[in-house]
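Enquirer: One structure is given below, represented as structure tokens, and several questions about it will come after.
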């Protein structure tokens, strides 16, 4: 009996254990299946959210801001709603910048802030005529190749030592960007730089495609791997953004996000050669931004600031081409030299003995660089009549700008005493720009053709920037009409207890940080209506606050997406993002300190920054802080 029971138990227990194990396995399998399904569902949801993130942000932003005009039914709150909505859209760029700029034309009449006809008037100002004239000149310079001659001549003057060569290219690019768009200046100079680098590194293949270019001719095909399309764009793309006031959309064949994986053959040299490539390329992109700030038409933030000043403070005549050049040219020179030293120290070492070394025998690399520069300059031949005329028109435009109203003496504008203030820099630019459409490009033996055509001008004209700037003016007009500017000024009055220089420094740091991720034009358009009431609230000359912050808007040196010149250089594959970040931090510090030095020293007597001007309104209960 006991044996029977033991056998029976041995038969039953395994079955029970098997059933329990089977149930456990089935339960665990169901748990794993449900977990896997949950992960798949979560992944799909996250993918959908990421795919439609722009649409979600477009819809959520006005909904989150809607309590502002609903709770406080005042014109100030309604205008603040429009301002914040445009700021979010401009920074995130979920909608093209130019279309975001059209929102005041829709929302201001809807809220009863401004009539539609009055809003429309804000979208075309004196700024746009100046822009048209400058683009006419730039189109002729680029069409007839005057930029190549200028760049090669400057480089040949400084010599072929790597350090001096880098300074020569940086100087040439900075000089070009004073008069043409920053992206165009970089696109002009970089093919020459790459040709010189290829000779220095003795590489036979150019770019990732390995195209042989034994003659190193820098014609239109030499930049085929880095195509620059002369179209209008101000919208930042995920890979290659377009530039403020550039009129150029950069479309590299190499994805900047993968550029480091497709490095040109030249980079296969030793470490010192690679460091030279990095320093040279970064020097080009940084010098384009540095040169652009030195003239009013050099970059869009300068022009936006100038037109904003004319609109908000119509009696202010302090800002003109000559005064701006006197203020900002020293800033550009100091920044250019310090940036050159910084890049040399960062990538090439701390040996600066070349500064006092006498000229001796050139190395093999220097001879190679000298040959390619001489060959390129000889290939240009003698100056053509079109180049000579364009150069003369360029000099005439600068001369008329400088002498229109220099300040220390009567300018030629005083020849029209019955119409004071009627003639501006835009009048000069538009008058000379029209000449390029009239003067024939060739002699009588050929069919009549003007120096530039409308199609060529239209391809270079940054229409999107024109709309963006118009939106900024409309926003500023709405802020003044609704009383938002006065409300902000009263709110910021307690800041008068802080040292003025500290307030300006904080504003410059904020602007410099934001401009790394947002377009320069959008950044300055957002901050001008905020900073001018701030200056009035603390009873400080508005120029003391607006000039440094305007200049700092152009200091976008950290990332390839910060501005198009960075993206153009990055697409060549010589530098990485970390290279740009490390170098850009130093250049940002150099720029910030130089600007603060300028407004605290030679800017004071130039613009009377130490006194509150008569053309600025005096608010009741102001703090009497002085610079």
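The values are calculated or read from the model by the stated rules, or taken from the named source; none is laboratory data. Keep in mind the model is a prediction, meaning the values are calculated, not measured. Using ideal geometry, Cβ is built from the backbone for each residue, glycine included, and neighbour counts are taken over all protein chains shown.
Enquirer: For the condition closer than 20 Å to residue 610 by Cα and touching a helix residue (DSSP H, G or I) at 6+ places or on another chain (Cβ under 8 Å), what is the one hit in 309, 296, 338?
Expert: None of the others qualify; the one that does is 309.
Enquirer: Looking at 429, 441, can you tell me which residue is under 26 Å from residue 124 (Cβ atoms) and surrounded by 14 or more Cβ atoms within 10 Å (Cβ to Cβ)?
Expert: Numbers: 441 fails: under 26 Å from residue 124 (Cβ atoms).
Of 429, 441, the one residue that is under 26 Å from residue 124 (Cβ atoms) and surrounded by 14 or more Cβ atoms within 10 Å (Cβ to Cβ) is 429.
Enquirer: I've got another one for you. Only one of these conditions is not met by residue 563: (1) farther than 28 Å from residue 327 by Cα; (2) out of contact with any strand residue (DSSP E or B) (no Cβ under 6 Å at 6 or more places or on another chain). Which number is it?
Expert: Every listed condition holds for residue 563 apart from (1).
Enquirer: Another one. Considering each of 307, 315 in turn, give the residue that is in contact (Cβ under 8 Å) with a residue 40 or more places away in the chain and not in a helix (DSSP H, G or I). First the steps, then the outcome.
Expert: Details: 307 fails: not in a helix (DSSP H, G or I).
After applying the criteria, what remains is 315.
Enquirer: Being farther than 30 Å from residue 346 by Cα, buried (at least 16 other Cβ atoms within 10 Å of the Cβ) and not assigned by TED's automatic domain parsing to the domain that holds residue 342, is that true of even one residue in the range 594-605? Walk me through it before giving the result.
Expert: The first filter runs over the range 594-605 and keeps only residues farther than 30 Å from residue 346 by Cα, leaving 602-605.
Those left that are additionally buried (at least 16 other Cβ atoms within 10 Å of the Cβ): 603-604.
Add one more test, that the residue is not assigned by TED's automatic domain parsing to the domain that holds residue 342, and what stays is 603-604.
Checking the range 594-605: at least one residue is farther than 30 Å from residue 346 by Cα, buried (at least 16 other Cβ atoms within 10 Å of the Cβ) and not assigned by TED's automatic domain parsing to the domain that holds residue 342.
Enquirer: Name the helices (runs of 4 or more DSSP H) wholly within the range 491-590 that hold at least 1 residues that are more than 22 Å from residue 188 (Cα to Cα)?
Expert: Values: elements: 500-514, 520-537, 542-552, 564-570.
Because the criterion is at least 1 residues that are more than 22 Å from residue 188 (Cα to Cα), the helices (runs of 4 or more DSSP H) in the range 491-590 that meet it are 500-514, 520-537, 542-552.
Enquirer: With respect to the numbered conditions (1) modelled with pLDDT of 80 or more; (2) under 22 Å from residue 303 (Cα atoms), which one is the sole condition not fulfilled by residue 398?
Expert: (1)
Enquirer: Here's a follow-up. Test residue 330 against the criterion of being within 30 Å of residue 477 (Cα to Cα) and out of contact with any strand residue (DSSP E or B) (no Cβ under 8 Å at 6 or more places or on another chain), and give yes or no. Let's see the steps before the verdict.
Expert: Values: within 30 Å of residue 477 (Cα to Cα): no; out of contact with any strand residue (DSSP E or B) (no Cβ under 8 Å at 6 or more places or on another chain): yes.
Criteria not met by residue 330.
Enquirer: Considering the range 422-439 alone, what residues qualify as being in contact with a helix residue (DSSP H, G or I) (Cβ under 8 Å, 6 or more places away or on another chain), free of Cβ contacts under 8 Å to residues at least 60 places away in the same chain and closer than 22 Å to residue 458 by Cβ?
Expert: From the range 422-439, those in contact with a helix residue (DSSP H, G or I) (Cβ under 8 Å, 6 or more places away or on another chain) are 423-437, 439; that's our starting set.
With free of Cβ contacts under 8 Å to residues at least 60 places away in the same chain added as a condition, the list becomes 423, 435, 439.
Scanning the range 422-439 gives 435, 439.
Enquirer: Give the residues of the range 277-295 that are surrounded by fewer than 24 Cβ atoms within 10 Å (Cβ to Cβ) and in a helix (DSSP H, G or I), sorted by residue number. Outline the logic, then answer.
Expert: The initial filter retains those residues of the range 277-295 that are surrounded by fewer than 24 Cβ atoms within 10 Å (Cβ to Cβ), namely 278, 295.
Answer for the range 277-295, where residues must be surrounded by fewer than 24 Cβ atoms within 10 Å (Cβ to Cβ) and in a helix (DSSP H, G or I): just 278.
Enquirer: Go through the residues of the range 458-480 one by one and say whether even a single one is touching a strand residue (DSSP E or B) at 6+ places or on another chain (Cβ under 6 Å), at pLDDT 85 or above, surrounded by fewer than 20 Cβ atoms within 10 Å (Cβ to Cβ) and more than 23 Å from residue 311 (Cβ to Cβ). Break it down stepwise before answering.
Expert: Applying the first criterion (touching a strand residue (DSSP E or B) at 6+ places or on another chain (Cβ under 6 Å)) to the range 458-480 yields none.
No, the range 458-480 has no match at all.
Enquirer: So, residue 559, is that one within 26 Å of residue 177 (Cβ to Cβ), over 21 Å from the mean Cα position of the chain (by Cα) and surrounded by fewer than 19 Cβ atoms within 10 Å (Cβ to Cβ) or not?
Expert: Considered against the rule, which asks whether it is within 26 Å of residue 177 (Cβ to Cβ), over 21 Å from the mean Cα position of the chain (by Cα) and surrounded by fewer than 19 Cβ atoms within 10 Å (Cβ to Cβ), residue 559 comes out as no.
Enquirer: Here's a follow-up. Look through 421, 411, 360 and report the one residue that is under 30 Å from residue 294 (Cα atoms), more than 29 Å from the chain's Cα centre (by Cα) and at pLDDT below 75. First the steps, then the outcome.
Expert: Details: 411 fails: at pLDDT below 75; 360 fails: under 30 Å from residue 294 (Cα atoms).
Every option except 421 fails the conditions.
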